Ligand SMILES: Cc1ncc(COP(=O)(O)O)c(C=O)c1O
């Protein structure tokens, strides 16, 4: 349910989804399957014995723990398909920097008194993104964030500072961090309906804007939704605002491009995210398509907006306009390194490979009689949720309701997809062997044409 009318409020209740075989639903409300409780398997801290330095027992114990953990990481990396992380990178050349506590606290463009920083890399990376999204060096402000979520928190905060009484509009398929921002900032928030592709429904947006014309609009536009990889039509959103009588000084658009914001510029004939359009900010995650050993992201906004948010801080000798205080100074160096190594052409090749492999996966799923959907422009393949949570965990799939997805990233090869498919097909033959269980209907989630349940398989 979304709020509407002239008294909007944040409505976050789980929306009822179409019922399936019943195993993921409880009393009409979706039952969320949570992961295991880590307290049963955590590594407790063992205080050192007085003579540990002499015996070396502690060193041996810790070396063993770390070696076993490394093996787990190798295995888990090999069997990962569900989250949008490129796990293929080699940052060996940067290992020499791990001995330094690199911290870019404060504003990227104003040096602080703390000298162990990497602002020279950070600003170089920001300039690259500013060029990608078509904004002049003197007109933008930005920073390397801790993740895409921080980018959303920042972009929406800038929107709220520009329009303190603005209403936040976001499609119901937006990332949960957008609704978290609304809660944190106590903003009125309206969830807008979506098409079956996951794209924002601009007819619904129009109705909601018209019902709230007295308040400025702050919009979150998805450049790739989390679950279905749908791209909201930015141009249509802008047109809808204009048709509803919102002039440019009555709206603010934040583009959430966590994953696809960095892939779309390299897709032929894809729509463009550009500051030549009336947008206020764009954010992406750095550890997703680019690949990085630590979570990070990039946030770019207009210089004119940031002044409303920033304060000079004497203790830093810099300016405070970021969400966090201390900021990871290693992350900009990792991003800088990859941008230099791969460049525009390298990313373009990788995007093409991801989209090709995603089509391969979708076609093979459907050939095997498994419901599957792949949005144009996307490398996120949505398909019927596997019946067995053990299988879901083995391949680290992300699930929602009756659907799961695989996000095809540069490290996902045809061989890995074949291994996954062969296992899935074999498992399905056991899940559905005696006819007690049947493949779930996913028409409500991905449309009838993508659903191959017994009712819809033509
Ligand atoms: C559309 C979208 N926005 C924001 C995020 C949050 O990004 P992060 O995990 O880097 O915080 C995600 C994560 O998957 C996402 O898909």
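By the equivalent-ellipsoid construction on the alpha carbon gyration tensor, the range 143-188 comes out with semi-axes of 17, 14, 8 Å, ordered largest to smallest. Ellipsoid fit via the Cα gyration tensor, the range 153-223: semi-axes of 19, 15, 9 Å, each the root of five times an eigenvalue, largest first.
Here the Kirkwood formula puts the hydrodynamic radius of the range 94-341 at 18.3 Å, using every distinct Cα pair.
Remark: 44, 371, 283 ranked as 44, 371, 283, counting other beta-carbon atoms within 10 Å and listing the fewest first. When shorter helices are ignored and each DSSP H run of at least 4 residues is given -39500 (n - 2.57), the per-residue value for the chain at 222 nm works out to -10500 deg cm²/dmol. Start at zero, step by 5 Å, and the Cα-Cα distances of the range 83-125 spread as 5, 18, 20, 18, 18, 14, 5, 1 percent across the bins. Approximating the spin labels as points 7 Å out from Cα along Cα→Cβ, the residue 455-to-residue 91 distance works out to 4.8 nm.
Could you sort the peptides 373-383, 227-237 by per-residue average Cβ neighbour count (10 Å cutoff), highest mean leading?
Top of the packing list down: 373-383, 227-237.
Relative to its residue count, the range 83-206 spans a Cα convex hull of 180 Å³ per residue. For the range 231-311, the alpha carbon convex hull comes to 105 Å³ per residue, rounded to a whole number. If both residues of a DSSP beta bridge must be in the chain, then about 65% of such bridges are antiparallel. The range 232-292 and the range 91-119 have Cα centres lying 30 Å from one another. Each label point was placed 7 Å from the Cα along the Cα-to-Cβ direction; for residue 272 and residue 77 their separation is 3.8 nm. According to the square roots a ≥ b ≥ c of the eigenvalues of the Cα gyration tensor, what is the shape class of the chain, taking rounded for a/c under 1.5, prolate for a/b larger than b/c otherwise, and oblate for the remainder? The shape class here is oblate. Report, in whole Å, the centroid distance computed from the Cα atoms of the range 301-339 and the range 389-423. Computed from Cα coordinates, the inter-centre distance equals 36 Å.
The mean of 1/r over all pairs of different alpha-carbon atoms in the range 86-154, once inverted, gives a Kirkwood hydrodynamic radius of 14.0 Å. With viscosity 1.567 mPa s and temperature 4 °C, the Kirkwood radius over alpha carbon pairs of the range 316-458 converts through Stokes-Einstein to a diffusion coefficient of 73 µm²/s.
What order do you get for 150, 423 when you list them from fewest to most C-beta neighbours inside 10 Å?
Exposure proxy ranking, most exposed first: 423, 150.
Read the figures in this text as sums done on the coordinates, not as results from a lab. Predicted, not measured: the structure shown is a model, and the values here were computed from it. Using ideal geometry, Cβ is built from the backbone for each residue, glycine included, and neighbour counts are taken over all protein chains shown.
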